[in-house]
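Here is the structure we will look at, set down as structure tokens.
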Amino acid sequence: MKLFPSLFALGLAATALVSAAQGSAVVTTPQVRAELVAHAPEGLVPGKPAWLGLKIEHKPHWHTYWKNPGDSGLPTTLTWTLPPGVSAGEIDWPTPKRLPIGPLMNFGYEDTLLLPVAITVPAGFAGDTLDVKLNAEWLVCKDVCIPESGEFVLQLPVNAATAGHAALFAAARAARPQDVAGADAKAAVEGPDLVVRVTGLPVAWQGRELGFLPETVGVIVNAAKPQTSWDAGTWTARVPLDPQRSDSPTTMPLVLTSAGEVAGLRVAATVTTPWPAVAPPAPLPALGNAEITLAPAAAAPPGFVLAVAFALVGGLILNLMPCVFPVLSLKVLGFARTGADRRAQLAGGLAYTGGVVLSFVALAAVLLALRAGGEQLGWGFQLQHPAVVAVLAALFTLIGLNLAGVFEFGSVLPSSWAGAQARHPVADHFLTGVLAVAVASPCTAPFMGASLGAAITMPPVQALAVFAALGLGMALPYLAASAWPALARALPRPGIWMQHFKTLMAFPMFATVVWLVWVLGVQVGIDGAVALLGLLVALAFVAWAVGSPTLGPKARGGFGTAAVLLLVAALVWAAPALRQDAIAGGSAAQASDGWEPWSTARVAQAQAEGRTVFVDFTAAWCVTCQFNKRTTLAADDVKAAFADKQVLRLRADWTKRDPAITEQLTRYGRSGVPVYAVYTPGAAGPRLLSEILSVDEVLGAIGAGR
Amino acid sequence: MQMLARTLVATTLALAATAALANATVGQPAPAFTATDAAGKTVSLADFKGKHVVLEWVNPGCPYVVKHYSSGNMQGTQREATAKGVVWLSVNSTATDSRDYRAPADMAGWMQQQKAAATATLMDADGKLGRAFGARTTPHMYVIDPAGKLVYAGAIDNKPSSNPADTATATNHVKVALAELLAGKPVSTPVTRPYGCSVKYSSM
């Protein structure tokens with residue numbers, strides 16, 4: 001347990017010369033401030049009262065536990081190291097509070113607490129000072145529990161009074177449960193209940209509504225409200241026994257409580273009946289037999305219909321992305337050229353749609369299956385593997401070269417395949433759909449990663465439906481054109497412009513290749529990027545040598561053989577550089593410009609120091625992330641505010657697979673980037689900013705709003 | 001005043017919820033249940049008739065759960081049990097509105113990361129299963145015999161600390177109970193007091 005000494009503790013250590021060398025009387029954690037205190041108004045003289053105590057000041061809503069902590073929790077323990085002959089007694093526990101948590105009940109303390117312990121000094125104790133050492137362990141809980149401990153040191157004068165905390169000790173004394181002379185308490189097991197009967201209570205307490213807290217752990221149902229009644233001077237309370245009772249005491253010390261009384265009354269109830277066996281042959285509780293059917297962990301989120309609608313629109317927009325537009329536009333232009341019969345066109349459109357939708361669903365199913373198998377993945381996972389990035393770069397290079405007219409597929413493909421294409425136009429259209437998804441996938445991740453990431457957290461059937469809708473949206477323009485030839489006829493007449501348009505479309509393809517090479521460079525470093533570029537050159541050479549329409553058969557054979565050999569050599573040379581994973585510090589988002597690498601520990605540490613934390617969850621392949629990084633996060637106002645407010649800036653780079661980041665994203669309810677999280681001191685949890693980040697939003701979140 | 005109102009509401013909710021908690025009784029048939037595991041599969045207690053079944057309440061956000069996983073104690077107990085044909089079901093009853101909540105895939109990922117050897121991880125975000133068994137803490141352990149009778153309820157071991165090193169010297173109640181059961185003997189300590197964090201039930 002890491003403890004953070006407060007400024008106060010440092011100041012104390014600086015003034016208290018002796019204890020400064022060994023430790024301090026104060027331990028401060030983000031949840032409590034704990035201090036070892038003493039009360040010896042007449043000095044440490046044998047026979048005179050002397051007390052030590054641990055004072056615990058809880059931060060609001062945090063609590064520690066009583067000797068019987070209730071359904072969960074643990075009592076605070078104190079282990080003393082005292083000079084020979086000096087002894088410390090048990091903790092004199094103040095009357096605790098009932099602390100309900102859901103269906104459970106705890107007994108403990110909030111706010112300021114003193115746990116006093118009486119000490120005895122032997123006759124003839126020599127020395128001017130008495131050194132006290134304490135090791136304390138406590139469990140502090142709010143909605144989470146944190147086990148903490150502390151080492152405390154205190155030096156007390158023997159011959160002088162120590163009374164700086166007199167009021168605190170007086171308050172603790174006033175809050176300790178009072179023993180009642182002449183009171184008689186009995187406890188009896190009656191069926192499933194424990195019945196407590198108490199007589200001889202003080203007159204002032206008679207007739208009042210009382211509660212009770214057992215000091216014995218694990219006997220009654222702590223959360224149950226006892227049925228209580230007064231009959232003349234006898235108070236009776238009936239409370240259900242814990243079906244999982246873990247103790248069978250002969251005497252049960254009880255603390256009776258009354259609203260408005262700081263201190264309870266302590267009575268020791270004698271148990272007058274034998275305890276039933278822990279497994280009593282009682283009738284089965286009604287609930288016990290009932291078949292409980294638990295709903296699937298996540299019921300239909302209200303946003304499902306909306307998610308489907310967004311996916312449909314997103315799919316439509318996908319057609320305009322630089323990686324998809326060239327391929328698709330040419331496909332649609334095909335209508336203008338062929339003018340084939342309507343039925344064949346419609347069949348082709350449907351086949352294409354099927355290819356697109358099924359490919360998206362298959363991709364999503366692979367992702368969901370991997371996640372169910374425990375893989376820490378999110379949408380965009382395809383691009384986290386260098387090999388996938390390299391293959392996509394090669395694919396785009398080939399398509400670009402084809403569009404630029406460097407080679408024709410017709411001269412590359414075996415004639416049997418070309419024949420099959422003519423015989424099975426429907427299959428051809430289906431495969432075009434598959435290709436379209438392969439080409440589109442690097443664009444879905446950067447532009448729609450976050451929203452598709454959210455879909456993954458839905459139940460599988462719904463998630464797949466969202467991806468199917470995405471595919472449908474993407475296929476819709478082509479499907480529409482195939483179903484209504486009027487649309488196709490609206491296209492300009494075929495002509496030489498189509499050849500120019502086709503060549504023009506090669507350039508967005510090459511631009512996509514540049515981006516993919518950069519992503520690969522971030523993943524595996526400059527050597528990997530160069531290896532990929534070399535590979536692409538060899539590939540282009542092969543494409544030209546084998547597929548150029550202007551080469552004769554002889555030249556094709558010669559160049560082709562050389563080109564293929566070159567490609568094989570390039571593969572052998574490039575493969576190690578591409579496989580080489582995660583060169584240390586190789587990511588673009590590493591510590592730079594005041595940003596530090598993210599870790600949960602770093603966040604927790606900064607929070608404990610009371611600093612505001614801004615976390616940027618990003619990836620090189622995420623275009624939105626890069627856009628925000630280069631605009632909003634690089635804005636002078638934002639940089640100045642970060643410096644002014646001493647905001648700790650952390651960057652979590654998800655370019656490569658990172659289970660810790662995936663886990664954190666899931667905790668935020670996301671499974672894609674970008675995510676921007678701001679932790680401010682005092683706030684319960686982080687605040688997530690929007691994916692398209694604005695300067696005002698960042699300034700507002702870190703408390704530097706204009 | 002607002003504080004008082006909030007306290008009253010919380011108390012009332014707690015009392016209302018109490019009725020649904022802690023009805024499973026050692027020596028009696030365990031409550032039948034059907035739940036969904038982290039992979040979305042349906043799991044019923046009835047599926048395991050004829051086998052010993054261990055239920056383990058788990059919450060990766062709880063330091064006491066972390067104690068038993070970081071020390072390897074829980075995984076070791078799981079492996080030893082499942083190797084003997086015992087069915088081990090880890091149950092996460094953390095409510096969706098709790099800070100500790102994990103989505104099913106996330107939970108499955110955590111279990112895999114811990115190299116846990118549980119037969120299945122059940123997602124119980126609405127707390128029905130937890131309330132039926134009266135699970136209070138994480139960890140909280142239950143053993144059901146092949147006839148479907150609840151034969152152990154309580155702690156994983158006898159050292160209620162957060163120190164992982166203590167697992168080496170503690171008496172593991174679940175190992176003892178399973179050894180006794182597999183030897184045809186009754187469980188010598190059928191109930192102990194569980195220790196750990198409260199189960200983060202939904203307040204519904």
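The values are calculated or read from the model by the stated rules, or taken from the named source; none is laboratory data. Just so you know, these numbers come straight off a predicted model, no measurement behind them. We place every Cβ from the backbone using ideal geometry, glycine too, and count neighbours over all the protein chains shown.
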Residue check for B:THR121: in contact (Cβ under 8 Å) with a residue 24 or more places away in the chain, in a loop (DSSP other than H, G, I, E, B) and either within 20 Å of B:VAL199 (Cα to Cα) or not β-branched (Val, Ile, Thr) (or both): no
Verdict on A:TRP62 being modelled with pLDDT of 85 or more and closer than 17 Å to A:THR81 by Cα: no
Residue in the stretch B:142-149 that is part of a loop (DSSP other than H, G, I, E, B), touching a strand residue (DSSP E or B) at 6+ places or on another chain (Cβ under 7 Å) and within 10 Å of another protein chain (Cβ to nearest Cβ) present: no
Qualifying position, being part of a helix (DSSP H, G or I) and either on the phi > 0 side of the Ramachandran plot or of a type in the set (Val, Ile, Thr) (or both), among B:THR96, B:THR167: B:THR167
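Do we find that B:SER188 is among the polar types (S, T, N, Q), assigned to a loop (DSSP other than H, G, I, E, B) and more than 9 Å from chain A (Cβ to nearest Cβ) in this structure?
Yes: the conditions hold for B:SER188.
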Filter result for B:ALA125 (among the aliphatic types (A, V, I, L, M), within 24 Å of B:VAL43 (Cα to Cα) and at pLDDT 90 or above): yes
Single residue of the stretch A:170-215 satisfying the filter (among the small types (Gly, Ala, Ser) and in a loop (DSSP other than H, G, I, E, B)) that is nearest to A:PRO41 (Cα to Cα): A:ALA181
Flag for A:LEU693 being within 14 Å of chain B (Cβ to nearest Cβ), in contact (Cβ under 8 Å) with a residue 40 or more places away in the chain and among the aliphatic types (A, V, I, L, M): no
Residue check for B:ALA153: in contact (Cβ under 8 Å) with a residue 24 or more places away in the chain and either of a type in the set (Gly, Ala, Ser) or not in a helix (DSSP H, G or I) (or both): yes
Candidate set: the stretch A:675-705, residues that are among the hydroxyl-bearing types (Ser, Thr, Tyr) and in a loop (DSSP other than H, G, I, E, B); chosen: the one surrounded by the most Cβ atoms within 10 Å (Cβ to Cβ): A:THR680
Top-ranked residue in the stretch B:73-93 [being assigned to a loop (DSSP other than H, G, I, E, B) and touching a residue at least 60 places away in the same chain (Cβ under 8 Å); ranked as farthest from B:VAL176 (Cα to Cα)]: B:SER93
Subset tally (residues that are surrounded by 23 or more Cβ atoms within 10 Å (Cβ to Cβ) and among the small types (Gly, Ala, Ser)) for the stretch A:75-118: 2
Single condition B:ASN172 does not satisfy, out of (1) at pLDDT 90 or above; (2) more than 19 Å from A:PRO100 (Cα to Cα); (3) at the interface with chain A (Cβ under 8 Å from one of its Cβ atoms): (3)
Within the stretch A:31-52, considering residues that are charged (D, E, K, R) and under 19 Å from A:ARG173 (Cβ atoms), the one nearest to the chain's Cα centre (by Cα): A:GLU35
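With respect to A:GLN523, determine if the residue is assigned to a helix (DSSP H, G or I) and in contact with a Lys or Arg (Cβ under 6 Å, 6 or more places away or on another chain). Lay out the reasoning, then the answer.
Numbers: assigned to a helix (DSSP H, G or I): yes; in contact with a Lys or Arg (Cβ under 6 Å, 6 or more places away or on another chain): yes.
For A:GLN523, the condition - assigned to a helix (DSSP H, G or I) and in contact with a Lys or Arg (Cβ under 6 Å, 6 or more places away or on another chain) - is met.
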